[in-house]
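A quick write-up on the structure given underneath.
Throughout, read-outs are computed from the coordinates displayed, never taken from laboratory work. These figures come from a predicted structure and were not determined experimentally. Positions of Cβ are backbone-derived with ideal geometry, glycine not excepted, and every protein chain shown enters the neighbour counts.
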Amino acid sequence: MDGGENQGDWWRAGVLYQVYPRSFADSDGDGIGDLQGVIDHLDHLDSLGIDGIWLSPCHRSPQADFGYDVADYCDVDPEYGTLETLDTLIAEAGRRGIRILLDLVPNHTSEQHPWFRAALTGRDDPHRDRYVWADPGPEGGPPNNWVSTFGGSAWTLDPGSGQYYLHNFLPGQPDLNWWNEDVRTAFEDILRFWWDRGVAGFRIDVCNMLVKDAGLRDNPPATAEDPWVMRAFGQRWVYNGNRPETHQILARWRELADRYDPPRLLLGETNVEDLDQLVSYFGSGTDELHLGFNFPMLGAPFDASALRAVVEGTEARMPAGAWPVWTGSNHDVSRMATRWAGGDQSRIRLALLLVLTLRGTAVLYQGDEIGLTDGVLARGDLLDPVGIRFYPSYPGRDPERTPMPWHAGPGAGFTPPGVVPWLPLGAPAEVNVADQDGDPDSVLTLVRDLIALRRSTPDLALGASETLPTPDGAWAWRRGTGTLVALNLSDRSVEVGGVEGRVALGTDRARDGEPVAGALRLGPWEGAVVGSSPPGPGLATVTGSEGLGTGEER
Ligand code: GLC
């Protein structure tokens, strides 16, 4: 399938939106966002024109890692609602043409999961082998040199049995043993449970780490060529993840996903720095993940040649049939409005234009649509265990998790006035949904219009992409047969040559509809989508939100 016209490929041309439920909207006044809060704001999401929501975990959890430590994969945590609230969310979103993806956390459970509680009762417990256990190393310490992504050894001693258990994240997140067939079938049951309930797919947490080296070999030391994160940890992640056998699991899930009508979507958190490794998770193009997040893109500076290298490098390696996915923010990295744009309005608008016009599925994180920057938090505000451990060299992930500002009043519409939100609000007062709604120059209007343009323009939705020659600091590509996207990622004005047509949408909205004959001049940090005039009546009726009008004939 290379189309997208049919239901099964709804996500290709689509825009997904990540909801971090804890910080989205608090309907019951406890300071914590919940599923009813998401339901209450579906009209906002509908007004953006998104196709699907990726909901970060709302399963039963002690919240040691804010939901990424699951104690029951088939139930909703009472902090967020009930299974019935989730059913209502699926139905209410569905009524608006919005599909729901849940977050699957298969690498590890919570220490409070009944399997781990049982495993702790002794070496003979039938659930013991669902986790990774090992005797102490020859010196009496941890079994090998693996370090946890969250700091320290990846092994914790269970004094009762004298063995260590593996945790690539917190000690409260024991890693599952994916060599164990019971684990594999249990997760297939979990997938079926949700897919039968109408869930459209899953974002799969650290899906590249599932299987560990069977011999638990030491990781080799990092080299100067390794990505910074491995250098920081002093070792190359060779044996504690990215094992070839993980592909077999993803292939089994894909087979299962494809049995549904429409097929359920597998969107992997492929947290790898190497593009060859990234594309390996697409398998042959049609037999593993449908989509895999691009972390090199998230790690790249907001610089034309750096971003272009990631995009072209990814595209060049993708197997036939596979489809890219682009995002600038999520709940684990500084928001793009801060990381890429430093809070600058022109750069924020340009970053959104980029993410929404590259060939591929686009994923927005809550708040991107209003240009929300990271919250500024004091040491005492931090709740993320990683921030608490590494502050001040790394503040952790709380800054990108501060609550969604719905209006400028007390509580920001996130929580009732007077209630203390779980994390401080942190957003500048002028950045909120209500104040941007209806303002033709706001970031929110830009995002709505970009998504509408993407939907109404087949070139942007599904068209091929070809890079065009540009001066330094600029980057331009042609989508499909005649739509051009040009970005100026520099402080100087640039001129992109060979452009004919009309501005369909500019980050400077005053330029919408402007004819372009030969060269497109872009001011600092400005970008535009230009539609080529088709033969015949041309683009006389183009407006920012109505699209190029070239699609209907195709
Ligand atoms: C993923 C999640 C992150 C979590 C980690 C461990 O990277 O996105 O939030 O802490 O996995 O589950």
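The alpha-carbon positions of segment 114-166 define a convex hull whose volume is 81 Å³ per residue.
Could you tell me how far the Cα centroid of segment 159-213 sits from the Cα centroid of segment 391-428, in Å? The two parts, judged by their Cα centres, are 31 Å apart. Per-residue Karplus couplings for segment 267-276, computed as 6.51 cos²θ - 1.76 cosθ + 1.60 with θ equal to phi - 60°, are listed in order as 10, x, 7, 8, 8, 10, 8, 9, 5, 5 Hz, Gly and Pro entered as x. Largest first, the extents of the alpha carbon coordinates of segment 184-246 on the three principal axes equal 48, 25, 15 Å. Simple rule: put +1 on each Lys or Arg Cβ and -1 on each Asp or Glu Cβ in the chain, find the dipole, and look at LEU446, ALA474, PRO171; the Cα lying farthest toward the positive end is ALA474. Built from the Cα atoms of the chain, the convex hull projects on average onto 24.9 nm², one quarter of its surface area. Ranked for footprinting exposure by Cβ neighbours inside 10 Å, fewest first, SER61, SER23, SER346 give SER346, SER61, SER23. Amide hydrogen proximity for ALA504: with H placed 1.01 Å from N in the peptide plane, the residues at 5 or more positions away or on another chain lying under 5 Å are GLY513, VAL529, VAL530, GLY531.
At q = 0.23 Å⁻¹ the log10 of I(q)/I(0) for segment 326-434 amounts to -1.24, computed by Debye summation with a single uniform scatterer per C-alpha, solvent ignored. Rounded to the nearest whole Hz, the Karplus-based 3J(HN,Hα) values (6.51 cos²θ - 1.76 cosθ + 1.60, θ = phi - 60°) of segment 504-520 follow the sequence 7, 7, x, 5, 8, 5, 5, 8, 3, x, 5, x, 10, 10, x, 9, 10, with x at glycine and proline.
Shown in residue order for segment 134-148 are the 3J(HN,Hα) couplings computed by the Karplus curve 6.51 cos²θ - 1.76 cosθ + 1.60 at θ = phi - 60°: 7, 5, x, x, x, 7, x, x, x, x, 8, 8, 5, 10, 6 Hz (x for Gly and Pro).
A simple charge model with +1 on the Cβ of Lys and Arg, -1 on the Cβ of Asp and Glu and nothing else charged puts the dipole of segment 439-530 at about 260 debye relative to its Cα centre. Sorted ascending by nearby beta carbons within 10 Å, beginning with the fewest, VAL70, VAL238 become VAL238, VAL70.
Along its three principal directions, the equivalent ellipsoid of segment 147-198 from the Cα gyration tensor extends over semi-axes of 28, 14, 9 Å, largest first.
Note: relative contact order over segment 70-115, using C-alpha pairs below 8 Å and six or more positions apart, is 57 percent. Taking amide H as placed 1.01 Å from N in the peptide plane, the amide H of VAL499 sits under 5 Å from that of GLY518, ALA519, LEU520, each at least 5 places away or on another chain. With distances taken between every two different alpha-carbon atoms, segment 456-495 has a Kirkwood hydrodynamic radius of 10.7 Å. Taking every DSSP bridge with both residues inside the chain, close to 60 percent are antiparallel.
For segment 264-343, the fraction of alpha-carbon pairs lying more than 14 Å apart is 60 percent, rounded to a whole number. A cut-off of 5 Å between modelled amide H atoms, ignoring neighbours fewer than 5 places along the same chain, links ASP158 with GLN163, TYR164, TYR165.
So what is the relative contact order of segment 22-169, in percent, for Cα pairs below 8 Å that sit 6 or more residues apart?
Relative CO of segment 22-169 lands at 16 percent.
Rounded to the nearest 20, the size of the Cβ-charge dipole of segment 286-356 about its Cα centre is 320 debye, with Lys and Arg at +1 and Asp and Glu at -1.
The residues ARG454, ARG117, ARG509, when put in order of fewest to most other Cβ atoms within 10 Å, stand as ARG117, ARG509, ARG454.
Mind ordering 400-407, 416-423 by average Cβ neighbours within 10 Å, highest first?
On the way: 400-407: 24.8, 416-423: 15.4.
Ranked from most to least packed, the peptides come out as 400-407, 416-423.
Between helix 443-456 and the chain there is an angle of about 80 degrees, using the helix long axis and the longest principal axis of the Cα atoms. Evaluated with a Cβ-only charge set (Lys, Arg +1; Asp, Glu -1), the chain carries a dipole of roughly 840 debye about its Cα centre, given to the nearest 20. With an a/c value of 1.5 or above and a/b not larger than b/c for the gyration tensor axes a ≥ b ≥ c computed over the alpha-carbon atoms, segment 95-233 is described as oblate. Dipole of the chain computed with +1 at Lys/Arg Cβ and -1 at Asp/Glu Cβ about the Cα centre; of LEU462, GLY501, GLY122, farthest Cα towards the positive end is GLY501.
Where only DSSP H runs of four or more residues are counted, the chain gives -7000 deg cm²/dmol as its mean residue ellipticity at 222 nm, each run worth -39500 (n - 2.57). Select from segment 237-309 those trypsin sites (Lys or Arg not before Pro) which occupy a DSSP coil region and have at most 16 other Cβ atoms within 10 Å, ordered by residue number. For trypsin sites (Lys or Arg not before Pro) across segment 237-309 that sit outside H, G, I, E and B with at most 16 neighbouring Cβ atoms in 10 Å, the list reads ARG259.
Looking at the P(r) of segment 409-465, how many percent of alpha-carbon pairs lie beyond 13 Å? Roughly 69 percent, rounded to a whole number.
Taken over segment 404-505, the alpha-carbon convex hull comes to 159 cubic angstrom per residue. Based on C-alpha pairs under 8 angstrom that are at least 6 apart in sequence, the chain has a relative contact order of 12 percent.
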